[in-house]
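Following: one structure in structure tokens, then a few remarks.
The values are calculated or read from the model by the stated rules, or taken from the named source; none is laboratory data. What you are looking at is a predicted structure, and each value in this text was computed from that prediction instead of being measured. In this analysis, Cβ positions are derived from the backbone assuming ideal geometry, glycine residues included, and neighbour counts consider all displayed protein chains.
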Amino acid sequence: MSEGTNEAARRRLNHIELVYRPGERELAGRVLSLLGCTVVDRGGTFFSAMVEPSVKDFVNNAIYASEVTPEQWALDQALIDALGRDDDLGGAASTYVERVRREPQRSFHFGIRFPELAQLESTIDAIAAAGADDPDLAGRIGVSGVFRPGDAGAYTDTMVQAFVRTDVVAAGLLALGQHVELQWHLPASA
């Protein structure tokens with residue numbers, strides 16, 4: 001591929017597909033809006049959210065979300081029930097969930113890069129407020145950790161990383177929740 005080739009044809013991650021619980025389409029859209037995405041719901045099986053709000057490319061730069069299938073919802077419900085039990089499965093699941101809440105960098109997640117630190121910080125504040133005060137999102141979204149260069153637990157000195165946990169949407173099982181990493185990269189030194 002030569003340098004003059006169409007930028008859109010380059011190899012890159014172009015979308016993420018998420019699922020949400022039955023009846024929570026609007027709530028899922030609110031969560032993606034809190035993450036700084038522009039939600040576009042044109043009806044149908046799924047809705048779209050543009051990661052970079054100024055780019056309206058529905059093929060790239062997109063998060064799609066659709067209602068979980070009945071089969072996955074049955075599995076998720078069984079796992080949610082197991083999380084509350086004091087048996088081998090419930091204990092293992094609880095231990096896992098505690099670990100990834102403590103160390104979100106070690107969980108399955110995807111990342112969204114922010115161009116400005118102030119934008120990242122205002123997004124973190126809005127998510128924390130929604131997780132504490134919004135009647136529909138309280139306890140269902142929150143900031144698991146913010147790691148700045150030099151902080152204990154920081155994996156790098158080149159960016160600020162904030163991990164958001166939610167059980168409203170997931171790129172897997174809803175019972176285990178989903179982490180989304182929000183990051184701002186420090187300017188490169190000259």
Quiz item: Which number in (1) touching a Leu at 6+ places or on another chain (Cβ under 7 Å); (2) of a type in the set (Asp, Glu); (3) free of Cβ contacts under 8 Å to residues at least 24 places away in the same chain marks the one condition that Asp76 misses?
Solution: (3)
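Which residue out of Ala49, Ala93, Ala9 is at pLDDT 85 or above and of a type in the set (A, V, I, L, M)?
Going through Ala49, Ala93, Ala9 in turn, just one is at pLDDT 85 or above and of a type in the set (A, V, I, L, M): Ala49.
For segment 79-113, how many residues are among the hydroxyl-bearing types (Ser, Thr, Tyr), touching a residue at least 60 places away in the same chain (Cβ under 8 Å) and farther than 25 Å from Ala62 by Cα? Outline the logic, then answer.
We begin by selecting, within segment 79-113, every residue among the hydroxyl-bearing types (Ser, Thr, Tyr); these are 94-96, 107.
Retained after the next criterion (residues that are touching a residue at least 60 places away in the same chain (Cβ under 8 Å)): 96, 107.
Add one more test, that the residue is farther than 25 Å from Ala62 by Cα, and what stays is 96.
Qualifying residue count, segment 79-113: 1.
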Quiz item: Are any residues in segment 46-82 in a loop (DSSP other than H, G, I, E, B) and among the polar types (S, T, N, Q), and if so, which ones?
Solution: Ser54, Asn60, Asn61, Thr69
Exercise. May I ask you to verify whether Asp167 is among the acidic types (Asp, Glu), without any contact (Cβ under 8 Å) to a residue 24 or more places away in the chain and in the same structural domain as Gln77 (by TED's automatic domain parsing)?
Key: no
Quiz prompt | Residue satisfying all of: in segment 137-190; charged (D, E, K, R) and assigned to a strand (DSSP E or B); surrounded by the fewest Cβ atoms within 10 Å (Cβ to Cβ) among these | solution = Glu181
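Residues of segment 83-120 being aromatic (Phe, Trp, Tyr), assigned to a strand (DSSP E or B) and surrounded by fewer than 16 Cβ atoms within 10 Å (Cβ to Cβ), which ones?
From segment 83-120, those aromatic (Phe, Trp, Tyr) are 96, 108, 110, 114; that's our starting set.
Next, only the ones that are assigned to a strand (DSSP E or B) stay: 110, 114.
Within segment 83-120, Phe110 is the sole residue that qualifies.
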Exercise. Test Ala128 against the criterion of being assigned to a helix (DSSP H, G or I) and without any contact (Cβ under 8 Å) to a residue 24 or more places away in the chain, and give yes or no.
Key: yes
